[in-house]
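Read through the structure below, which is laid out as structure tokens, and then see the notes.
The values are calculated or read from the model by the stated rules, or taken from the named source; none is laboratory data. In this text the structure is predicted, and so the values were computed from the model without any measurement. With ideal geometry, Cβ positions are generated from the backbone for all residues, glycine too; neighbour counts draw on all protein chains shown. Please note that ligands, DNA and RNA were not included when accessible areas were found on the heavy atoms of the full protein model with its side chains. Shrake-Rupley method; radii C 1.70, N 1.55, O 1.52, S 1.80 Å.
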Amino acid sequence: MAEFTTGEAVALELPIARIPSRAGAFLIDLMLQLTLAFCLFYAGMLMLLWSAADEAWISVLGVVTIVTVLVGYPVCSETLTRGRSLGKMAFGLRVVRADAGPTDFRHALTRGLAGAIVDFWMLGGFGAVAVITSLCSREGRRVGDVLAGTVVVHTRQQLPRPALAAAPPWLTGWAAQLDPTGLSDDLATAARQYLTRLRTLTPAAQHHLGTKLAESMCAAVRAQVPAGYPPYHVIGAILSRRQQLSLR
């Protein structure tokens, strides 16, 4: 398990996929890629023979087949399924962002290019680089994951419920009127970390850091800091409002 902080400043612990399950998913995808390569090359050769094309087109066909299989297959499958190739589906794996959010085409393309060039084939020693980097990473990340900012997790295990901030009852009405869309992810993360470490801080540090955070958060949501309340009450109320809206 590893802890991730989402864009809504929610702490989640997700089960990391390690080498055995990822290797099994890779082998399934590899068999599918070999099948796809054979079908593409065979169909292409039939077309070339039928059109009486010269030998140069055979080289072009080979390059197109290799690029389609090694890069096109993982990129298309992970983009269309939001992080799941057929092999990953079989083993209950999914690629997610480093903040536990869903991936998109940019992440899939980065992982696909890095997989073809660095992790597995051209420079990867048939997967040696991917295995070594995964073993050296606490989250089991290969080079493509590091470049794309992703991690592979298990989806079949039941995930724990995220710990959410709670607004004090006396600030619930005030927080309900706020629009937290202007609150940045960095500021929300700093607020969550402050609340998590609150009991370890001295009273002076609690007040100093809390006051600065409360003022920054109120400025981001375009609201006045409510007077007469400890800073952590205000921070908790704003953070709770942001989480409620984002998790609907």
TODO: Order E139, E215, E78, E55, most accessible first, counting only protein heavy atoms with a 1.4 angstrom probe.
DONE: E55, E215, E139, E78
Task: Most mobile of V60, V69, V118 in a GNM of the chain (Cα contacts under 10 Å) - done: V60
Open item on the list: Given a 1.4 angstrom probe, I'd like the percentage of the accessible area of the chain that is carbon and sulfur, rounded to a whole number.
Closed with: 65 percent
Open item on the list: Just to verify a number: what accessible area does S216 come out at with the full protein assembly present, 1.4 Å probe, Å² rounded to tens?
Closed with: 60 Å²
Open item on the list: Before I look further, what does the chain give for accessible area per residue, probe 1.4 Å, in whole square angstrom?
Closed with: 57 Å²
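Just subtract the alpha-carbon distance of T172 and A205 from 0.36 nm times their residue separation and send over the number in nm, one decimal.
Numbers: separation 33, 0.36 × 33 = 11.88 nm, distance 2.56 nm.
Result: 9.3 nm gained on full extension.
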Task: Normalised per residue, the volume of the convex hull around the Cα set of the chain (Å³) - done: 160 Å³
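How high is the FRET efficiency between T81 and V60 when r is their beta carbon distance and R₀ equals 22 Å, given to the nearest 0.05? Please report the intermediate quantities before stating the final value.
Details: r = 30 Å, r/R0 = 1.36.
Using R0 = 22 Å, I get an efficiency of 0.15.
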- [ ] Between L48, L187, L109, find the one with the highest GNM mean-square fluctuation for the chain; connect C-alpha pairs within less than 10 Å.
- [x] L48
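Where does each of D185, D29 land when they are ordered by accessible area, with a 1.4 Å probe and the largest first? Before the final figure, lay out the partial values.
Details: D185 80, D29 15 Å².
Largest accessible area first, the residues go D185, D29.
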TODO: Express in nm, to one decimal, how much length is gained between F126 and I19 on full extension, taking 0.36 nm for each residue of separation and deducting their alpha carbon distance.
DONE: 37.1 nm
Open item on the list: If every alpha-carbon in the range 18-144 counts as one equal scatterer, what log10 I(q)/I(0) does Debye give at q = 0.10, 0.11, 0.14, 0.18 1/Å?
Closed with: -0.36, -0.42, -0.64, -0.97
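Tell me the mean residue ellipticity at 222 nm calculated for the chain from its helices only (DSSP H runs of n ≥ 4, each -39500 (n - 2.57), averaged over every residue, nearest 500). All intermediate terms of the calculation are to be shown ahead of the outcome.
Numbers: 11 runs with 135 residues, N = 248.
Computed mean residue ellipticity for the chain: -17000 deg cm²/dmol.
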Task: Cut-off 10 Å between beta-carbons: net charge of the residues surrounding S134, Lys and Arg +1, Asp and Glu -1 - done: +1
Open item on the list: Can you compute 3J(HN,Hα) from phi for each residue in the range 174-191, using the Karplus curve 6.51 cos²θ - 1.76 cosθ + 1.60 with θ = phi - 60°, rounded to whole Hz and x for Gly and Pro?
Closed with: 5, 5, 5, 8, 7, 10, x, 5, x, 7, 6, 5, 5, 5, 5, 5, 4, 5
TODO: Subtract the Cα-Cα distance of L48 and T68 from 0.36 nm times their separation in residues, and report this length gain in nm to one decimal.
DONE: 5.4 nm
- [ ] Could I get the Rg over Rh figure for the range 205-248? Both from C-alpha atoms, Rh via Kirkwood, rounded to two places.
- [x] 0.99
Open item on the list: Along the Cα→Cβ direction, 7 angstrom out, place labels at Q224 and L147. What is the inter-label distance in nm?
Closed with: 5.4 nm
